[in-house]
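Working notes, beginning with the structure itself.
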Amino acid sequence: MEFKKAEMSDLKDSLSLIDQAKEYLKNSGVDQWQKGYPNEDTIYNDILKGNAYILKYNDDTASYVCISFDGEESYKSIQGKWKSIQPYAVIHRLAVSSKYRGKGLAKEIFKEAEKLCHIKNIHSIKIDTDNDNAIMKQLLTKNGYSYCGVIRFDNSDKIAYEKLI
């Protein structure tokens, strides 16, 4: 496996992964990502800002994720309490290829995010998901993320998690 920053040449494959994830969520009865977001402009901007990453597996683009160290405006107000008040990374738009789902790639992404944090001397990762996304909530808990409360993002309530590393 190879984890690397996405380039503009990875845009098409990254969008394909996002579309696969949208379909998977829809088929799982999850409303998240069913209203156009994330779209090509979102992924394009992730790549442009240097926040887009892909995981290559068997020479395929197997996973896409946005990892940002710029903070998240919507995280400033939480119904609940963050585990810490310190600089943090935020993970958005995690998508795994349907071809490789169930092979532990999301866990690898979380490990790679932690490596990026260590390089930048960051000791917190924050992430959010929809309340009905039981798959992601279970994945987060299994990987050491703790429920912190509810934030408002993209005009809807999201369940917020944080992991101290």
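Cα centroids of segment 106-152 and segment 13-55: 17 Å apart. If R0 equals 45 Å, the separation of the Cβ atoms of Lys120 and Asn27 corresponds to a calculated FRET efficiency of about 0.75.
Under 5 Å from the amide H of Leu94 lie the amide H atoms of Cys66, each residue being 5 or more positions distant or on a separate chain, with H modelled from the backbone and absent for Pro and chain starts.
Which shape class applies to segment 1-99: rounded if a/c is under 1.5, otherwise prolate when a/b exceeds b/c and oblate if not, where a ≥ b ≥ c are the square roots of the Cα gyration tensor eigenvalues? Judged from the Cα gyration tensor, segment 1-99 comes out oblate (a/c at least 1.5, b/c at or above a/b). Under the shape rule built on the C-alpha gyration tensor, where the axes satisfy a ≥ b ≥ c, segment 67-165 is oblate, since a/c reaches at least 1.5 while a/b does not exceed b/c. Derived scalar couplings between HN and Hα for segment 63-78 equal 8, 10, 7, 9, 10, 10, 10, 8, x, 9, 3, 5, 7, 5, 10, 10 Hz in order, rounded to whole Hz, by the Karplus curve 6.51 cos²θ - 1.76 cosθ + 1.60 (θ = phi - 60°), x for Gly and Pro. Take every Cα pair under 8 Å whose residues are at least 6 apart in sequence, average their separation, divide by the length of segment 62-135, and the relative contact order is 39 percent. Ranking Arg93, Arg152 from most to least accessible surface, computed with a 1.4 Å probe over the protein chains only, gives Arg152, Arg93. Only protein heavy atoms count here; on that basis, with a 1.4 Å probe, Lys120 has an accessible area of about 110 Å².
The values are calculated or read from the model by the stated rules, or taken from the named source; none is laboratory data. Keep in mind that this is a model prediction, so the values were computed, not measured. Here the Cβ is made from the backbone with ideal geometry for all residues, glycine too, and neighbour counts use every protein chain on show. To get the accessible areas, we keep the full protein, side chains included, count just its heavy atoms, and leave off ligands, DNA and RNA. Shrake-Rupley method; radii C 1.70, N 1.55, O 1.52, S 1.80 Å.
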